[in-house]
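The values are calculated or read from the model by the stated rules, or taken from the named source; none is laboratory data. Please read all numbers here as calculations on a predicted model, not as lab measurements. Cβ placement follows ideal geometry from the backbone for every residue including glycine, while neighbour counts extend to all protein chains displayed.
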Amino acid sequence: MKIQQKLLLSFLFPSLMAGIIVCFAITNNLSILNNIAQVNQSSIKEVTALTQIKFAGTAIQGYANYLQRHNNSALEPTPALLTKAEIYTGIKVELNNLATNFNNLKFATNQSIYISERSFFKRSNEIQQEKNEVVTINNLGKKLTNYSQLVNQYLNLNNTDSIKAESFLNQSLEPYFKTIIVPLIEEASIDAQAELIKEAKEIEQSIAHNNTVISILAGLSFALSIILSSVLSRTISQPIVELKKAAINIAKGNWATRLSIKNKDELGSLAKAFNQMNEALEKTTVSKDYVDNIIETIVDSLIVLDQDKKIIKLNKATLSYLGYKEEELINQPFSKVLCEAEIAKVFAKKESSKRIETSYLKKDGKQISVLFSSSLMRQAGEIKGIVCVAGDISEQKAQESDRALAEAEKNLLSTAISHAAEAIEITDTEARFIYVNPAFETTTGYKRAEVIGQTSAALLRSGKHDSAFYREIAVTLSNGQVWSGSYTGRRKDGTLYYQDVTIAPVFNLAGLITHHVAVKRNITERKKAEERLEKINQCFLSFQTEPMVNINRLAALCGELLAANCALYSRLDEGTLYSVGQWQTPKGYNGVSSGEGHICYDVINSGSDEVVILNDLLNTKYAQTEPNVQQYNLHTYVGQVVKCEGLRIGAVCALYKQNFVPSNADRKILGIIAAAIGVEEERRVTQQALSASEERYALAAQGANDGLWDWNLVTEEIYFSPRWRTMLGLSTGEIGNKKEDWFSRVHPEDIEQLKNAIASHLEGKVPYLENEYRIQHKNRLTRWMLVRGLAVGDSTGKPHRFAGSQTDITEKKVAEAQLRYDSCHDSLTGLANRRLFMDRLEEVLARTADDQNYLFAVLFLDLDRFKVVNDTLGHEIGDRLLVAVARTLESCVRPGDTVARLGGDEFTVLLDNIKGIDNATQAAERIQNQLTLPFNIGGNEVFSTVSMGIALSSTGYKQAEDILRDADMTMYGVKTHRNGGQYYQIFDPTLHSKALGILQLENDLRGALGRQEFVLCYQPIVSLKNFRIVGFEALIRWHHPERGLVSPVQFIPMAEATGLINAIGYWTLEEACRQLKSWQEQFFGKPSLTISVNLSTKQFTQADLLDQIEKALQITGLESRFLKLEITESVLVENAERVNAMLVQMRQMGVRLSLDDFGTGYSSLSYMHSFPIDTLKIDRSFVTDVDTELGKIEIIRTVVGLAWNLGMDTIAEGVETKTQMYQLKSLKCNSAQGYYFSRPLDVKAAEALIAQEREYFNNTNKVEGLEFWARK
């Protein structure tokens, strides 16, 4: 038997057996499936018809109840969604549905009996049971007929007598439906469902029986096929295995190998030819083992290539070099070991090559340096192969690289040290110098050769540091630590210098200190600048009241700090130059000149504010125009203009008898002194103006309405003018002329300071008398007076006369007191303001530091819903409410406690010196109890409650801001997470840690976008018409590296508060557009998908929002018609005019707009038509329980009708059940999204869903696509 015949037999026999079994299985299962389809179809129709009958009856009852409420609307007017005619129409439609569905029920029941009578697996008792169900169905039909008659009777009554109709509805119609119709429907439904389950089980048993028979037949067929195949395969496989083994032996060089196959087929002929070939080869071939031993003993890599440069042989050294196994390289191109460029290089001349440095590629991707040689194997002049030998030179190359790198680092370090600005010293353990850099030479004045081998103590010590200083350095270094500090040294020329020093020990391999390295930064100039600034500060601190004295001191300081021969300050006054401030000017120096030709004159009029430096004065024009230059041999002028009230009035300068170039520090010092002189000049001008003003005042006072007095210091008699007496309500005879008549009326608290002021002036301590004091009026009220006076001396200078005026300043003092009061109190409520409250809080906080038992509490209060009062009743009522609350708070605390208004509707209470926490909570409860009572304001009864946070001093606060912060934080927690009726809470330290956590989350949010922690999920939007995906809504998610998935509820408000929403919003917009564009290219065809992106209210405050939308579309290439932007109703009402303009521009761009969460916010039909909205999204709160609550059905029907009338689509959110979906579909809602269809998906899952949906709808003829979603 030939091999071909054997193979044909082994294939045909199993195929024939399998065909027989498959035909039997298909025939049997098709019969069962036909029964399944018929049974299921009739049973499902029964259940569906019963459900629709119940729905129709429920709708009729709902319409009837609604009609009754409509009848009662005359007594209690309510807005009606349906007219009476529409209700009648609805009832008649539902009665028609009732009859139609009952007919469908009867038809389905009869069809089920017909199928059962012809089914071979139905028993007679089961068929009889189904016929009995007909009796129940007929009974239900009679009851439904009676129910329809009752409904019509109710409608007739309603047209004639609504009261009887209501009674009929409650006593007859509704009880009949609930007690008779509903139980019959439920009984029939239960029977139908039970029948469906029973039939399914019987079909399942039949299928299981058939499958058992098929499995037995398949097993028998499989066993026969295996036996036959085994017999046939042994006659083929055994010779092939033997042939394979023989070939392997031949490959190993075993030429004595022979085959013992005796078959009469093709394999037998092949074995005979194989044995003849081996006999011929055995006579002519050298042993392969000998050659292999030679190759394996080579320590270098050896690779043999064929003429196509493929590896055909290699040794163990090659595998060791490269990390491969032998089978991984055999028959592989040589480029796997040597890159193509190197192959072209070494084989360029098509001849053998020797000792070429190149690199082999290891398995792990690294390179190994090798010394490469190759030999060509030729036969008849043609290249038949190449032998490649390579030795590993990696270690040699690494050593060469290390030596080169070390040398480069050494040169780099040497260059860096040589050019370093800091002095660098290296000393041995005895502090002897072994190396110094050029900066050291510059700082100390010593050359390197002068210091090598010397010690710092011998050369550089200045005597400014004691022995303890050097001992500290030695101990620190001996302990192996780094010492840092400031050091004063002495240069070679004896001058001092200052350095910031860092000294570090150097260790050998044994861990012993061998050297010290010191890095020293020269701070001499900084120290000098600090010393000079200190002298300037001391000068400023010692200023006197007389400006000219201070100007002279500043001129002297200028000369001293700039090390000048002399210094002076010259003032230009009406063309004449006066040297009003001088220091060490030579005797006879001319301090007054006409101005022109003088250096200072030219500096003042130069227009430059920079320091002026003139050297070699003897060779300039000033040697002729200014006599002082030649007379005193002046060589250098360094000057700076002086300004007073913005005018250039003078110049301060330093003069030198040698050429001098000032440093930058000198220039700054001169600028400071010039500015200070300018300030003193302004004081001088001010004092002169004040003196002139006082003189003018003295003249004016004579004709003014002030009281005058004249005191004869010799006779001690005082003259009081009539106006003086009138100011106190006194007549001529009611006051004498003695000082006691004056002083006895002065307030006891002011008399001493008045007497002291008078004495100070008479003793010459102050130039004039000026004092404020209180004096008693005749009416016994106190008046504030301002007394001014001037004493006149005799020829000896002793005062003999003292005269002045008295001004009534009571109103001024009252105004000042009011200002002081206003600065510490709230203008609306009269309560303490934040400033006064914080001052008192600081006081009691300081008291707790002295007395640990002292306790106080801070209450932070915020009115609830105060904005509603302002918005509805007006700001005037709101202000009056705040005043009423203030008075209530004051009545609830003790007189010593402080009540404050911080602003808006925020109040604070400081409970001082309390005994315990109970006092604080009792005060909080008193406040809450009082505020729960209504306030009658302007005829309006206003209710107000507060949220309170309490912080106790026992927590251990150090700062007043901290305790106020914690009370505020606690109040906010009460307001946002109120637990039942609790209106106050005591601060818990964990609240602070939570606040810190929120702050940390905010900080993380700021970097989340840059760290690419945001991702978008996509929830499909499904058409309720054909159940195809029409778009996706993009939903942002934050994958925090530590917190995991952070809810948008947490981070979106935070992003809006911090302004980050703009960047996050743009990223979301661009990423969503880019993803949709990618899907459009990947899944072309219809339906075309859209992407919906939410816009925050804050984003509409952006000036460039429209530019961002256009930019996102341009970058991603997405057409604008595929982008939907979702906004909330709050966006429309906050700035309606501006937002509407932006929405119109978006629509002009082609972008579509959706109104999200419709019906939950500021819904108003009055403005809906004015905005260019394309889609209304029905909030999930209306979708929930839509299958059971009639009210929600009517709301959705109204919204859908509104949208239809306005030309808008509708999308229902939050669809989670099949029933909800069917109800929305029946209400003509266009599309839906929710967990029933899909949760939000990542990109890969969304792509998989699109692919599955497209494949399903492209391969099915069903118009109804719900089955696809039912499988999900």
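Of all residues in region 995-1015, none that is more than 16 Å from P1053 (Cα to Cα) and in the same structural domain as D966 (by TED's automatic domain parsing) has its Cβ atom under 6 Å from the Cβ atom of a residue that is part of a helix (DSSP H, G or I) and basic (K, R), 6 or more apart or on another chain. State which residue is surrounded by the most Cβ atoms within 10 Å (Cβ to Cβ) when the search covers only region 481-500 and only residues that are of a type outside the set (A, V, I, L, M, F, W, C) and over 14 Å from T443 (Cβ atoms). If we take residues in region 481-500 being of a type outside the set (A, V, I, L, M, F, W, C) and over 14 Å from T443 (Cβ atoms), then G485 is surrounded by the most Cβ atoms within 10 Å (Cβ to Cβ). Listed conditions (1) over 27 Å from C892 (Cα atoms); (2) in contact with a Lys or Arg (Cβ under 7 Å, 6 or more places away or on another chain) are all met by C824, apart from (1). If you filter region 128-139 down to residues that are surrounded by 17 or more Cβ atoms within 10 Å (Cβ to Cβ) and modelled with pLDDT under 80, you find that the one that is nearest to L67 (Cα to Cα) is E133. Between W711, W742, W724, the distinction of being over 23 Å from N779 (Cβ atoms), surrounded by 18 or more Cβ atoms within 10 Å (Cβ to Cβ) and not hydroxyl-bearing (S, T, Y) belongs to W711 only.
Only residues that are without any contact (Cβ under 8 Å) to a residue 60 or more places away in the chain and under 44 Å from the mean Cα position of the chain (by Cα) were counted in region 920-941, giving 11. Regarding region 1053-1069, can at least one residue be identified that is more than 20 Å from the chain's Cα centre (by Cα) and surrounded by 18 or more Cβ atoms within 10 Å (Cβ to Cβ)? No: region 1053-1069 contains no residue that is more than 20 Å from the chain's Cα centre (by Cα) and surrounded by 18 or more Cβ atoms within 10 Å (Cβ to Cβ).
For Q1012, the conditions (1) more than 11 Å from the chain's Cα centre (by Cα); (2) at pLDDT 90 or above; (3) surrounded by 13 or more Cβ atoms within 10 Å (Cβ to Cβ); (4) not in a strand (DSSP E or B) all hold with the exception of (3). When residues in region 763-789 are screened for being among the hydrophobic types (A, V, I, L, M, F, W, C) and either surrounded by fewer than 18 Cβ atoms within 10 Å (Cβ to Cβ) or over 21 Å from A803 (Cβ atoms) (or both), 4 of them pass. For L845, the criteria (1) assigned to a helix (DSSP H, G or I); (2) surrounded by 17 or more Cβ atoms within 10 Å (Cβ to Cβ); (3) assigned by TED's automatic domain parsing to the domain that holds M948; (4) in contact (Cβ under 8 Å) with a residue 60 or more places away in the chain hold in every case but one, which is (3). One residue stands out among those in region 813-842 that are among the polar types (S, T, N, Q) and touching a residue at least 24 places away in the same chain (Cβ under 8 Å): the one that is nearest to V899 (Cα to Cα), which is N833. Residue check: is A317 without any contact (Cβ under 8 Å) to a residue 12 or more places away in the chain and outside the structural domain of E441 (by TED's automatic domain parsing)? It is false that A317 is without any contact (Cβ under 8 Å) to a residue 12 or more places away in the chain and outside the structural domain of E441 (by TED's automatic domain parsing). Each residue in region 309-351 was checked for being at pLDDT 75 or above and either of a type in the set (G, A, S) or in a strand (DSSP E or B) (or both), and 11 pass. Within the option set Y1222, Y1236, being touching a helix residue (DSSP H, G or I) at 6+ places or on another chain (Cβ under 8 Å) and either of a type in the set (V, I, T) or not assigned by TED's automatic domain parsing to the domain that holds T83 (or both) holds for one residue only, Y1236. When S954, S944 are checked against the criterion of being crowded, with 17+ Cβ neighbours inside 10 Å, of a type outside the set (A, V, I, L, M, F, W, C), over 23 Å from R835 (Cα atoms) and more than 33 Å from the chain's Cα centre (by Cα), S944 stands alone in meeting it. Within region 592-627, being surrounded by fewer than 15 Cβ atoms within 10 Å (Cβ to Cβ) and within 24 Å of I672 (Cβ to Cβ) holds for N605, S606, G607, S608, D609, E610, I613. When we screen S73, S119, S112 for residues that are part of a loop (DSSP other than H, G, I, E, B), hydroxyl-bearing (S, T, Y) and either at pLDDT below 80 or exposed (fewer than 13 other Cβ atoms within 10 Å of the Cβ) (or both), the only hit is S119. Checking the structure you have, find out if any residue of region 1026-1044 is in contact with a helix residue (DSSP H, G or I) (Cβ under 7 Å, 6 or more places away or on another chain), part of a helix (DSSP H, G or I) and closer than 19 Å to A1245 by Cβ. The answer is no; no qualifying residue exists.
Pairing residues of region 1042-1053 that are assigned by TED's automatic domain parsing to the domain that holds D1242 with residues that are among the hydroxyl-bearing types (S, T, Y) and in a helix (DSSP H, G or I), at Cβ distances under 8 Å and at least 6 apart in sequence or on separate chains, gives no pairs at all. Within region 824-842, the residues that satisfy the criterion of being in a helix (DSSP H, G or I) and either of a type in the set (A, V, I, L, M) or within 20 Å of L882 (Cβ to Cβ) (or both) are C824, R834, R835, L836, F837, M838, L841.
Within region 554-588, being outside any strand (DSSP E or B) and more than 18 Å from V638 (Cα to Cα) holds for E574, G575, K587, G588.
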